[in-house]
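S.K.: The structure follows.
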Amino acid sequence: MSRSERKSGLFVVPGDRLGVIEEFTPGPGTYVEHGTIHSKITGRTLLDTLNKKVSVYPLVRTASVPQVGSIVSGQVLDVKSKKAVLRISQVGKRPLSGFFTGVLHISDVSPSYVDTMFSVCKTGDIMKAKVISDKNRTFYLSTAEKDLGVIYALCSRCGYVLRLGERGMRCSRCGNTERRKVPPDYGEAA
Ligand SMILES: [Zn+2]
């Protein structure tokens, strides 16, 4: 940020430079690295010229990037025995303008032991998950909480929507039964 740009109300994203610690005190929504103050979040700057303090206030309504703690949903693109790759398309109920890649590792599927990812989800399913890390711009996901998991699943034999029955997931068209990690309200939201 150049000298002339130092004012309140500027739109900033995580990592944007806000100034140096010789000039400003870092306020909420900022972090310091090598003496430089950066924005920690997506939001707008607030420059307190009296106290020489710079803060960033979150733009909740227009935030378009998943963050750690966000509940996201997306389609399963690929399933391997130990992980699944998702295309995140929604944060909460809000659709995203771009697409983000999410990775769900088998150890983050459930609090109990899961032997293979193939019993958790299949390619084409829609999953709801929580972002637990965003290291290296990859969103690592968890479905360990009870209300997370596959929210929309298709029969791998005939492509019809699977229903959650008393004995697991069942296709009401061809009778095929399959396994998924589903929340208890599966089918009610979709
Ligand atoms: Zn079927």
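Throughout, read-outs are computed from the coordinates displayed, never taken from laboratory work. On a predicted model such as this, the values are computed, not experimentally measured, just so you know. Reconstructed Cβ throughout: ideal geometry from the backbone, glycine too, with neighbour counts over all protein chains shown.
S.K.: Where in the chain is the longest stretch that carries no chymotrypsin sites (Phe, Trp or Tyr not before Pro) classed as loop by DSSP and with at most 15 other Cβ atoms within 10 Å?
M.R.: Excluding the exposed sites themselves, the longest stretch runs over 1-112.
S.K.: Relative to the Cα centre, what is the charge dipole magnitude of region 3-58, using +1 at the beta carbon of each Lys and Arg, -1 at the beta carbon of each Asp and Glu, and rounding to the nearest 20 debye?
M.R.: Result for region 3-58 is approximately 140 debye, rounded to the nearest 20.
S.K.: Which loop-located trypsin sites (Lys or Arg not before Pro) does region 29-126 contain, where loop means any DSSP state but H, G, I, E or B and the Cβ has at most 14 other Cβ atoms within 10 Å?
M.R.: Loop-located and lightly packed - K52, R61, K80, K82, K93.
S.K.: So the label point goes 7 Å from the Cα of C174 along Cα→C-beta, right? Which residues of region 118-159 then have their backbone N under 12 Å from it?
M.R.: 154-159
S.K.: While we're on this one: Could you give the nm distance between label points at K7 and Q75, where each point is 7 Å from its Cα heading toward the beta carbon?
M.R.: 4.4 nm
S.K.: Would you mind working out the magnitude of the charge dipole of the chain relative to its Cα centre, with +1 at each Lys and Arg C-beta and -1 at each Asp and Glu C-beta, to the nearest 20 Debye?
M.R.: Approximately 420 debye in magnitude.
S.K.: While we're here: So which GluC sites (Glu not before Pro) in region 21-75 are both in a DSSP loop and have at most 13 other Cβ atoms within 10 Å of their Cβ?
M.R.: Those satisfying the criteria are E22, E23.
S.K.: Going through the cross-link list K40/K93; K83/K128; K7/K53; K93/K146; K83/K135, which pairs have a Cα-Cα distance over 21 Å in this structure?
M.R.: K40/K93
S.K.: Taking amide H positions as placed 1.01 Å from N in the peptide plane, with prolines and chain starts having none, which residues 5 or more places from V109, or on another chain, fall under 5 Å of its amide H?
M.R.: T143
S.K.: Another question, if that's okay. Could you give the length gained by full extension between Q90 and Q67, i.e. 0.36 nm per residue of separation minus their alpha carbon distance, to one decimal place?
M.R.: Working it through step by step, the gained length comes to 7.1 nm.
S.K.: Of all alpha-carbon pairs in the chain, indicate the percentage at a distance above 25 angstrom.
M.R.: 47 percent
S.K.: Setting aside same-chain residues fewer than 8 positions from K80, which aspartates and glutamates have a Cα under 15 Å from its Cα?
M.R.: D108, D115, D125
S.K.: Only loop residues by DSSP count here, and only those with at most 14 other Cβ atoms within 10 Å; note down the GluC sites (Glu not before Pro) in region 93-179 that meet that.
M.R.: Here the GluC sites (Glu not before Pro) that fit, given the DSSP loop and packing criteria, are E145, E166.
S.K.: Applying the Karplus parametrisation 6.51 cos²θ - 1.76 cosθ + 1.60 with θ = phi - 60° to the phi angles of region 111-125, what ³J(HN,Hα) value in whole Hz is obtained for each residue in order, glycine and proline being reported as x?
M.R.: Each residue's phi maps through the Karplus curve to give x, 9, 5, 10, 7, 8, 5, 5, 9, 9, 7, 10, 3, x, 5 Hz.
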